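The values are calculated or read from the model by the stated rules, or taken from the named source; none is laboratory data. Note that this is a predicted model, so its numbers are computed, not measured. Cβ atoms come from the backbone with ideal geometry, glycine included; neighbour counts cover every protein chain shown.
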Amino acid sequence: MRHIAILGATGSIGVSTLDVVMRHPDRLRVFALSAHSRMEALAAQALACDAPVVVVPDAPARERFEAAWPAGRPLPEIRVGAQALADTAADPGCDTVMAAIVGAAGLPSAFAAARAGKRLLLANKEALVAAGGLFMQAVRDSGGELLPIDSEHNAIFQCLPSSGAARAPAEPARGVRRLLLTASGGPFRTRTLESLAGVTPAEACAHPNWSMGRKISVDSATMLNKGLEVIEAHWLFAMPADRLAVVVHPQSVVHSLVEYDDGSVLAQLGQPDMRTPIAYGLGFPERIAAGVSPLELARIGRLDFEEPDLVRFPCLGLAWDALRLGQWACIALNAANEIAVEAFLEGRLGFTDIAPVIAGTLERATGATGVPGSLEDVLGADVAARETARALAAHRRVA
């Protein structure tokens, strides 16, 4: 029996994780659920799975959770605050942590799970983008397990030479030439460049294949999401930047590929449903049912591939720049993107202004040298980059 803490339970990954968990009551049990704002949804989830622990951000959230809880039912233990979230990730009561909190806010709890030697199902990109070196070393030092949940990294993991373990490698797998991450191209793959300036948040969030949260949907529309995944892949698989590639695949059926020295290319295929990589992580090394429908290739009919257009998607190029510049630049990239996307979603920034805000923040962060020595260094650099990005976004504010 695995006891699971789902951090970010009311988001799309959290909901899918709970769906898989509840299909396997004989082997999977929820220990804790966390949410940031949707207390009514969190209460409904905790009731459905009989979670003994919930984590909420503050006292008002606790009051809303209690108000949503049915009278006469015993409340779960309610833990409050960021430190409680990190403590829950490291709690001896769970052996598996789904890290699905979006943004840098999810970094401390994911890091706590890594240091505690948990089986960590990593769906939070920022843990590796902002703190890759520290994070992977923490997994190695603790003897924990790290299973990537992003569909692309999960696909690569499945296609690499199997060791039957989920460790944090310090060097590339032997015999592997390149890792190829697939990208759908998002909703604007064929849209004219001239029309992108007028893109609305609703259009950017309308992904053609995947059902995702608003922030990650915008990241997919700019292809910054794929750039973050390139940086993640560098850390997850100890792969140099020049042995990582991106290929646009509009059908989102091939989730990524591994190219070997002998010319073989192995790919993982499946429906665009996050329950597949989630079930792989929860059941590893066994495979368990995910509730995903079979893949019918004859009905799909064709699989297309093309090179990414860096003129249309400058954010992808900025991510490559940040990876080559080093960890400080990656922190700035991620922080600036979060600020720019938030401003876009709130109508304060144009879609085509997202890339200039990121580029300007990167320019101001390239003077840093060395690598972050602690999580506090990472979080400090994140705060500074956000201040820069806010100023740049305000300067380009939509009238």
Answer residue from region 274-316, given it is free of Cβ contacts under 8 Å to residues at least 24 places away in the same chain and touching a helix residue (DSSP H, G or I) at 6+ places or on another chain (Cβ under 8 Å) and is farthest from R2 (Cα to Cα) among those = L310
Exactly one of P356, P308, P294, P372 is over 21 Å from V102 (Cα atoms), in a helix (DSSP H, G or I) and not charged (D, E, K, R), and that residue is P356
Can you name the residue in region 1-45 that is polar (S, T, N, Q), within 16 Å of R275 (Cα to Cα) and out of contact with any Leu (no Cβ under 7 Å at 6 or more places or on another chain) and is also modelled with the lowest pLDDT among such residues?
-> S12
Complete set of residues in region 254-283 that are over 14 Å from I149 (Cβ atoms) and buried (at least 21 other Cβ atoms within 10 Å of the Cβ) | L257, V258
Taking I288, is it touching a strand residue (DSSP E or B) at 6+ places or on another chain (Cβ under 9 Å), surrounded by 11 or more Cβ atoms within 10 Å (Cβ to Cβ), closer than 30 Å to R167 by Cβ and β-branched (V, I, T)?
-> yes
Of (1) in contact with a strand residue (DSSP E or B) (Cβ under 7 Å, 6 or more places away or on another chain); (2) buried (at least 16 other Cβ atoms within 10 Å of the Cβ), A319 satisfies every one except (1)
Hey, K118 hits all of (1) crowded, with 24+ Cβ neighbours inside 10 Å; (2) under 17 Å from the mean Cα position of the chain (by Cα) but one; which does it fall short on?
-> (2)
Which listed residue, of G133, G175, is touching a Pro at 6+ places or on another chain (Cβ under 8 Å), surrounded by fewer than 18 Cβ atoms within 10 Å (Cβ to Cβ) and closer than 16 Å to L107 by Cβ = G133
Hits in region 298-351 - residues which are of a type in the set (V, I, T) and over 23 Å from the mean Cα position of the chain (by Cα) = I300, V311
Residues (touching a Phe, Trp or Tyr at 6+ places or on another chain (Cβ under 9 Å) and surrounded by fewer than 24 Cβ atoms within 10 Å (Cβ to Cβ)) located in region 76-93 | P76, I78, A86, D91, G93
So which residues in region 119-167 are touching a residue at least 60 places away in the same chain (Cβ under 8 Å), farther than 22 Å from G213 by Cβ and in a loop (DSSP other than H, G, I, E, B), if there are any at all?
-> L160, G164, A166
